[in-house]
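Remarks on the structure that follows.
The values are calculated or read from the model by the stated rules, or taken from the named source; none is laboratory data. Here the structure is a predicted model, which means the values were calculated and not measured. Backbone-built Cβ (ideal geometry, glycine too); neighbour counts: all protein chains shown. The accessibility values were calculated without ligands, DNA or RNA, using every heavy atom of the protein model including side chains. Shrake-Rupley method; radii C 1.70, N 1.55, O 1.52, S 1.80 Å.
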Amino acid sequence: MNSPKQPEYPEQPERPARRGVYLQMVRDLRAQPDAVYGAWTDLTHVTDWWGPEGFIVPADRVHMENREGGTYRACMVNTITGDELWWGGIFERLDPPEHLSMTQRWEQPDGTPASSTTLMTVDLEPHDGGTQMSFAQGPFPSAKERDSHETGWNSSFSRLAAFLARRS
């Protein structure tokens, strides 16, 4: 397999507007903040949990420049149909192990944007011997699109919890 083509991103990413429909989720995870942070930012870990049940993220379809201003791009593959869903963005802020934020947009396989850009933020705080993860994403153009992302993230975060449990 060829490495995924890296799309061109503007020097200054398009900033999502503050108004709109946002997704907010909180999860308690049985792992320390540094382990949760690593699960988000380490290329060798994201393939174990990114994507909802029924999807995989093959290692040869992920690219990450793990630095502020660095790009990332990945492809979820439906394990039944083989359909591919590409997405990518820019790491905006990395404060290990407490915070990360990145833009996200759906893309065509060639890197052409297929959606508007959202901003995702992840805040990690020690809590009850583990980590409380606060996740936000938006703005979305509609509540329907937000709700679709919530369904996907719920499944992905269940996979994240299982991944972290296997590592402890």
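A few remarks follow.
- Choice from Ala35, Ala136, Ala114 with maximal GNM fluctuation in the chain (Cα, 10 Å cutoff): Ala114
- Dimensionless Rg/Rh of region 84-148 - Kirkwood Rh, Rg from C-alpha atoms: 1.06
- GluC sites (Glu not before Pro) restricted to DSSP loop in region 47-105 with at most 15 other C-beta within 10 Å: Glu53, Glu65, Glu68, Glu98
- Helix-only CD estimate at 222 nm, as mean residue ellipticity for the chain, using -39500 (n - 2.57) per DSSP H run (n ≥ 4): -7000 deg cm²/dmol
- Amide H contacts under 5 Å for Glu92, placed H, 5+ residues apart: Gly69, Ser101, Met102, Thr103
- With the alpha-carbon atoms of region 57-123 aligned to their principal axes, the span from lowest to highest coordinate is 37, 23, 18 Å, starting with the largest.
- Projecting the Cα atoms of Gln132, Ala143, Met25 onto the dipole axis of the chain, where Lys and Arg carry +1 and Asp and Glu carry -1 at the beta carbon, places Ala143 farthest toward the positive end.
- The charge dipole of the chain, taken about the Cα centre with unit charges on the Cβ atoms of Lys, Arg (+1) and Asp, Glu (-1), comes to about 220 debye, rounded to the nearest 20.
- Built amide H within the under 5 Å cut-off of Ser115, gap 5+: Trp106
- When you work out D = kT/(6 pi eta Rh) for the chain at 20 °C and 1.002 mPa s, using the Kirkwood radius from C-alpha pairs as Rh and the Stokes-Einstein form, the result is 132 µm²/s.
- GNM on the chain, alpha-carbon springs under 10 angstrom: the most fluctuating residue among Thr47, Thr112, Thr71 is Thr112.
- Looking at region 39-84, the accessible area is 44 square angstrom per residue; that uses a 1.4 Å probe and ignores ligands, DNA and RNA.
- Within a Gaussian network of the chain (alpha carbon springs, distance under 10 Å), most fluctuating of Gly89, Gly51, Gly70: Gly70
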